Amino acid sequence: NLQSVSQFEKDFIALQATMNNLYGNYFLSYHKGGNGFRISHAQKSLSIYLKHLWCLGQIPLPPICPIDNVVLKLTEAKGVDATWTFVNSLDEHKKRFTLIDNEARKKKLPIAEWEILNFKV
């Protein structure tokens, strides 16, 4: 079964909550009024895991790719929209995801395929 983007979002929000609930003391900034394990961390962690499973042929194509500054620079993102590390709201995530989705659509590729073909460090 192909996973939807909205289900993926629910999954990484749940991962973020679990990480902060179980391991919050390991995220020093969380206890100093910071954001702890952010949405950006959860999204990238889960999407990298799914990317590896997909590349190994163990799951179908994921609905999203790992997002970071390198991927965002491949889009029309400018300024703060080209940053990823401090993203901590679903709205911020969706804004950046839309930029990636637009680039993949231009190439007529699923997002995961677009990312794997274009990501270079």
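In what sequence, highest mean first, do 54-61, 15-22 appear when ranked by Cβ atoms within 10 angstrom?
Output ranking for 54-61, 15-22: 15-22, 54-61.
By what distance, in whole Å, do the Cα atoms of the stretch 5-118 stretch along each of the three principal axes, largest value first?
44, 36, 21
Return the loop-located GluC sites (Glu not before Pro) in the stretch 37-121 (DSSP other than H, G, I, E, B) with at most 15 other Cβ atoms within 10 Å of their own Cβ; answer none if there are none.
Glu76
About the Cα centre of the stretch 5-118, how large is the charge dipole given +1 on each Lys and Arg Cβ and -1 on each Asp and Glu Cβ? Please answer in debye to the nearest 20. Walk me through the numbers before you get to the answer.
Details: 14 positive and 11 negative charges, 24 e Å.
My answer is approximately 120 debye.
Only loop residues by DSSP count here, and only those with at most 16 other Cβ atoms within 10 Å; note down the trypsin sites (Lys or Arg not before Pro) in the stretch 59-121 that meet that.
Working: sites: Lys73, Lys78, Lys94, Lys95, Arg96, Arg105, Lys106, Lys107, Lys108, Lys120; in loops: Lys73, Lys78, Lys107, Lys108, Lys120.
Passing sites in the stretch 59-121 are Lys73, Lys78, Lys107, Lys108, Lys120.
Rounded to the nearest 500, what is the 222 nm mean residue ellipticity of the chain from helices alone, with -39500 (n - 2.57) per DSSP H run of 4+ residues and division by all residues?
-17500 deg cm²/dmol
Output the DSSP H helices from the chain with an along-axis C-alpha extent of no less than 18 Å and a mean Kyte-Doolittle hydropathy no less than -0.5.
Helix filter hits for the chain: 5-23, 39-55.
We did not get these values from a lab; they are worked out from the coordinates using the rules stated. Predicted, not measured: the structure shown is a model, and the values here were computed from it. Don't worry about glycine lacking a Cβ; one is built from the backbone with ideal geometry, like all the others, and counts go over all protein chains shown.
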